[in-house]
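Where a number appears in this text, it was derived from the coordinates with a stated rule and is not lab data. Keep in mind that what you see is a predicted model, and the values were worked out from it rather than measured. Cβ placement follows ideal geometry from the backbone for every residue including glycine, while neighbour counts extend to all protein chains displayed.
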Amino acid sequence: GQNIDQPTEMTATEGAIVQINCTYQTSGFNGLFWYQQHAGEAPTFLSYNVLDGLEEKGRFSSFLSRSKGYSYLLLKELQMKDSASYLCAVRGSSNTGKLIFGQGTTLQVKP
Amino acid sequence: SQTIHQWPATLVQPVGSPLSLECTVEGTSNPNLYWYRQAAGRGLQLLFYSVGIGQISSEVPQNLSASRPQDRQFILSSKKLLLSDSGFYLCAWSGQLGTSPLSYNEQFFGPGTRLTVL
């Protein structure tokens, strides 16, 4: 079967660092994606990893370990506007490009 | 630049009524197209995807159907809506393998349609 797990909810303080974990078991692997989704809005792309290691993009970084089926999204210098759901998704097939999404992690940033 | 449109933005329909949601993409050709549904507080469930005109793959058995009459047009339909069809419907596109890495390595989402079935 195919399974993507991430914590349902997390809370962090403004200015802090938070790490959102994602573990996956899929029949194929052709990349892992992180999306941000504010309430009532469409998801927006944050990051993409296909090789092991860390990808950094401003305050956001994403890490991948293919052997462990594990990724995390690291958010630094948290701001109130970072309160949102963070979706982990795996692309299993290269031909169709379709993504399998986890349930999402709702992050609440408190002052 | 590429843009993706969905309409309507919100829709309230009675149980048993038909449904037609439309999605169009501009600024790219031969995209992969996707329909997702998101129940309240849940993740995205892939409903259909298409790699070309007239080519539709269904991921979840249900009373919904999809069609792709033109390269950049994707339509989600139902003959008779159920209460369980309520949700946030999202259309997305990505580039085909072999196109630019930027469009292949990302799925771009439309603004979504919030459907309430009463």
Checklist line | Cβ-placed point charges (K, R +1; D, E -1), dipole of the protein assembly as shown about Cα centre in debye, nearest 20 | finding: 320
Notebook entry, point to check: What is the order of A:PHE63, A:PHE29, B:PHE48, A:PHE45, fewest Cβ neighbours within 10 Å to most?
Noted result: A:PHE45, A:PHE29, A:PHE63, B:PHE48
Next item on the list: Please name which of A:PHE63, A:GLY40, A:VAL18 has its Cα lying farthest along the dipole of the stretch A:1-101 towards the positive end, using unit charges on Cβ (Lys, Arg +1; Asp, Glu -1) and the Cα centre as origin.
Entry: A:PHE63
Notebook entry, point to check: What ranking of B:VAL12, A:VAL18, A:VAL50 emerges when the number of other C-beta atoms within 10 Å of each C-beta is taken as an exposure proxy, fewest first?
Noted result: B:VAL12, A:VAL50, A:VAL18
Margin query: I'd like the mean, over residues of A:24-33, of how many other protein chain beta carbons sit within 10 Å of each residue's own Cβ.
Written below: 1
Notebook entry, point to check: What does the average come to when, for each residue of peptide B:106-114, you count the partner chain Cβ atoms lying within 10 Å of its Cβ?
Noted result: 4
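Which whole-number percent is the relative contact order of chain A (Cα, under 8 Å, 6+ apart)?
Here the relative contact order equals 36 percent.
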Next item on the list: Please name whichever of B:ALA92, B:ALA9, B:ASN63 sits farthest to the positive end of the charge dipole of chain B, dipole taken about the Cα centre and charges placed at Cβ: Lys and Arg +1, Asp and Glu -1.
Entry: B:ASN63
Margin query: I want to check the label-to-label distance for A:GLN2 and B:SER20. Put each point 7 Å from Cα in the C-beta direction and report it in nm to one decimal.
Written below: 3.1
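If you place +1 on the Cβ of every Lys and Arg, -1 on the Cβ of every Asp and Glu, and leave all else neutral, what size is the dipole of chain B about its Cα centre, to the nearest 20 Debye?
300
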Check: ³J(HN,Hα) across the stretch B:28-45 via Karplus (A = 6.51, B = -1.76, C = 1.60, θ = phi - 60°), whole Hz, x for Gly/Pro?
Finding: 8, 10, 6, x, 7, 10, 9, 10, 10, 10, 10, 6, 3, x, 10, x, 8, 10
Margin query: List the lysines whose Cα sits under 16 Å from the Cα of A:LYS110, skipping any in the same chain fewer than 8 residues away.
Written below: A:LYS76, A:LYS81
Next item on the list: Work out, step by step, the length gained on full extension between A:GLU77 and A:THR44: first 0.36 nm times the residue separation, then minus their alpha carbon distance; give nm to one decimal.
Entry: 9.9 nm
